[in-house]
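Laboratory data are not the source of any read-out in this text; all were calculated from the coordinates shown. Treat the numbers as computed from the prediction; the structure is a model and nothing was measured. Note that each Cβ is placed from the backbone with ideal geometry, even for glycine, and that neighbours are counted across all protein chains shown.
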Amino acid sequence: MTDVRKLPLDRGLAWFLRGVNTGRRNPKAVFGASVLLIFTLYVVSFLLLLPIAWSDSDSSGAVPKLDIRLVMPFFLVLIGVFPVLMGGLMHVIREVEASRPVRARDLFTPARSGGLKNLLLLGLVQLAFNLAAAALVLALAGSGYWSEYLAAIHGAMSGSIPVMPEPAHPFLMFVVNVLFNYVSGVILLMAIPLILFSGANLGESLKLSLRTARMNLAPNLTAAALYMLAVLASALVVSVVGAVLGSVLALIHPLLGMLTLLVLYLAFGTAVLAVMAACAHAAWSDVFESIDKEKERTVASARFEA
């Protein structure tokens, strides 16, 4: 696949609406897979941090100091696992939209597919991209900015009034952050379905994702802006409802209030992940799958005329 379909700005609204309506046909599968994704990340995190904490523990019972050499493999594994799990969630959404039978545990289907290696490598590409962007931001901030910033944070935690330092190039830092977040997000959310559903290898998926980021800037930013506004608005509602419910139910029993908040925030996180995956799947389908379908119709029509 070498084509990228250029789309108008209003397609971003269509992607967002498809994302909001995700799970309508089979909410048990879609939101169950999203819950399973969150649970899997927590389990993987626990299993990876357990030996780290064990190796740093001592008989005094003091809080262990984590060694960066031990923590780094933890982040590497999580970064590699996330594209696989997000791909599994997109797979469930794809099956639901095609009205095919699917279950929440089909989240792990990509782990048994031929695209597993490319998805894991995609996580490493994202890590390298993050490190490069972080190095650039550090350079733009100035040599003493971060030490002064951390000192101000430490002072605020100690009760003093913090004096926040000024970075050397604040506008350039803002531009780099915005550009990085946009490109990184498009690469991740487009490369996953390209690898899983379009059969692209890692290099092809990265190239096509970058072309998508350039050619479909307007609909991408529209969908992203609508998504972020919806997340912020719903987070505010969840926070207010959670605070009220938690306080009222805590009067009955403190544990009841805590469990209510846990369920509420889990439901919020589940919906946020599901909508994001559905928006990305809708964008991939619009930009790439439509081209394949048009080609198939053209070939079929040519054969019929022949």
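Computed over the Cα atoms of the stretch 166-222, what is the ratio Rg over Rh, Rh following Kirkwood?
So for the stretch 166-222, dividing Rg by the Kirkwood Rh gives 1.12.
How many angstrom lie between the Cα centre of the stretch 259-283 and the Cα centre of the stretch 181-220?
22
Which FRET efficiency value, to the nearest 0.05, do you get for ARG5 and ARG103 by plugging their Cβ-Cβ distance into 1/(1 + (r/R0)^6) with R0 = 35 Å?
Here the calculated transfer efficiency is 0.65.
With no solvent and one point on each alpha carbon, what is the Debye value of log10 I(q)/I(0) for the stretch 186-279 at q = 0.18, 0.23 Å⁻¹?
The Cα Debye sum returns log10 ratios of -0.84, -1.09.
For LEU262 and LEU47, compute 0.36 nm times the residue count separating them, minus their Cα-Cα distance, and round to one decimal in nm.
Gain in length upon complete extension: 75.3 nm.
Extending each Cα 7 Å along its Cβ direction at PHE174 and LEU150, get the distance between those two points in nm, one decimal.
It is 2.7 nm.
Rule-of-thumb check for the stretch 124-206: C-alpha Rg over 2.2 N^0.38 Å?
The value comes to 1.52.
Can you tell me the mean projection area, over all orientations, of the convex hull of the stretch 224-277's alpha carbons? Units nm², please.
That works out to 3.3 nm².
If packing is taken as the mean number of other Cβ atoms within 10 Å per residue, what is the order of 21-29, 166-174, 90-98, highest first?
Descending packing order for the listed peptides: 90-98, 21-29, 166-174.
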